[in-house]
Amino acid sequence: MADVTDATFGTAVLERSKEVPVIVDLWAEWCGPCRQLGPILERVVAETEGAVELAKVDVDANPAVAEQFRVQSIPAVYAVRDGAVVDGFLGALPEQQVREFVAKLVPAAEPTEVERLLAVGDEASLRAALELEPTDDRVVLALAELLASADGADEAAQLLERLPDSPERRRVAALVRVGHAPEGDEVTVRLEALLTQVAADDEARQQFVDLIELLPEEERAGWRRRLSAELF
């Protein structure tokens, strides 16, 4: 946070905003809402750890800045980026709205190399990501799923042993056992065919359970009820 004057505005706000977004808080000592808003702005901007900066301008002591923003009421808050106003609001907003205002100004974090490789998603990229971060569950799961769909079931199963239980792990484990990613209506067709066998055939029952894991979440409950009806 910096107290900015008519003399320092060009450097502290306009020039500085070419490097980092600057929020200008136009206030005055006699303004009650300004005293309510000020601490909230200071706290929320401080939490960005330098990604956004705050410039406070006392409009009574700095009429040139007030004139530049054509201030008619305070508190008035403006976001400046690359020397131009990009957003703003008037009045003392609640803290949540202040947070939303500030959050829009925080530059998006650059993806890490692992995240970049994960986004590419082919086998070479996922193996490279695993070399960089062998304990990253996202990478392990993505590679296991890819291998399970490409006749690499044994390696996929070994990868899954690294992961804690989760719905995604169970889904990929089911994919490993099924052997490929079913397409179209294949899952429901196979479920119907297996339904009469599940009570007497352990292998059929396991296939049935695995196929349910490959369905969209909203379709699973109905098939589980049908399985229970056959078993009990």
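Every read-out reported here was derived from the displayed coordinates using simple, explicitly stated rules and does not represent laboratory data. The shown structure was predicted, so the numbers you read here are calculated from the model rather than taken from an experiment. A quick note on method: Cβ atoms are made from the backbone with ideal geometry, for glycine too, and the neighbour counts reach across all protein chains shown.
At 1.306 mPa s and 10 °C, plugging the Kirkwood radius over alpha-carbon pairs of region 113-231 into Stokes-Einstein gives what diffusion coefficient in µm²/s? Please report the intermediate quantities before stating the final value.
On the way: Rh = 15.3 Å.
Result for D is 104 µm²/s.
Taking Cα atoms, how many degrees apart are the long axis of helix 123-132 and the longest axis of the chain, rounded to 10 and kept between 0 and 90?
Compared with the principal axis, the helix lies near 60 degrees.
So, in Å, what gap is there between the alpha-carbon centers of region 187-232 and region 24-84?
First find each Cα centre; the distance between them is then 62 Å.
Compute the angle between helix 186-195 and the longest alpha-carbon principal axis of the chain, please, reported from 0 to 90 degrees and rounded to the nearest 10.
50 degrees
Could you check what % of the DSSP bridge pairs in the chain are antiparallel, to the nearest 5?
Working: 11 of 19 bridges.
Here the antiparallel bridges make up roughly 60 percent for the chain.
Between E203 and Q158, how many nm apart are label points set 7 Å from Cα along the C-beta direction?
Going from the E203 label point to the Q158 one covers 2.6 nm.
With runs of 4+ DSSP H residues as the only contributors, calculate the mean residue ellipticity of the chain at 222 nm using -39,500 (n - 2.57) per run, divided by the residue total and rounded to the nearest 500.
Details: 11 runs with 117 residues, N = 232.
Rounded to the nearest 500, the figure is -15000 deg cm²/dmol.
Taking only Cα atoms and a 10 Å spring cutoff, compute GNM fluctuations for the chain and point out the largest among P75, P216, P134.
Highest fluctuation of the listed residues: P216.
How large is ³J(HN,Hα) for each residue in region 6-21, as worked out from phi by the Karplus curve 6.51 cos²θ - 1.76 cosθ + 1.60 (θ = phi - 60°), to whole Hz, x for Gly and Pro?
Values per residue, Gly and Pro as x: 3, 6, 9, 4, x, 7, 6, 10, 5, 5, 4, 5, 7, 10, 8, x Hz.
Quick one: putting +1 on the C-beta of Lys and Arg, -1 on the C-beta of Asp and Glu, what dipole do you get for region 1-106 around its Cα centre, in Debye to the nearest 20?
For region 1-106, the charge dipole is close to 220 debye.
Determine, from the Cβ-Cβ distance of T5 and T112 and an R0 of 41 Å, the FRET efficiency 1/(1 + (r/R0)^6), rounded to the nearest 0.05.
Values: r = 41 Å, r/R0 = 1.00.
Approximately 0.50, to the nearest 0.05.
Please work out which option in (1) 87, 41, 28; (2) 46, 35, 35; (3) 47, 38, 28 gives Cα extents along the principal axes in Å calculated from these coordinates, and answer with its label.
(1)
Over region 2-103, what is the relative contact order in whole percent, taking alpha-carbon pairs under 8 Å and six or more residues apart?
Working: 165 pairs, mean separation 39.1, N = 102.
Reported relative contact order: 38 percent.
Taking θ as phi - 60°, what are the ³J(HN,Hα) couplings along region 43-55 by the Karplus curve (6.51, -1.76, 1.60), each to the nearest whole Hz, with x for Gly and Pro?
Values, residue by residue: 5, 5, 5, 4, 5, 6, 6, x, 5, 9, 10, 10, 10 Hz.
Only residues of region 72-109 count here: report those whose backbone N is under 14 Å from the spot 7 Å along Cα→Cβ of R43, or say none.
Under 14 Å, as judged by backbone N against the label point of R43, lie 93-100 of region 72-109.
In whole Hz and in residue order, list the ³J(HN,Hα) couplings for region 200-209 that follow from phi through the Karplus curve 6.51 cos²θ - 1.76 cosθ + 1.60, θ = phi - 60°; x for Gly and Pro.
Taking θ as phi minus 60°, the curve returns 10, 10, 4, 5, 5, 5, 5, 4, 4, 4 Hz for region 200-209.
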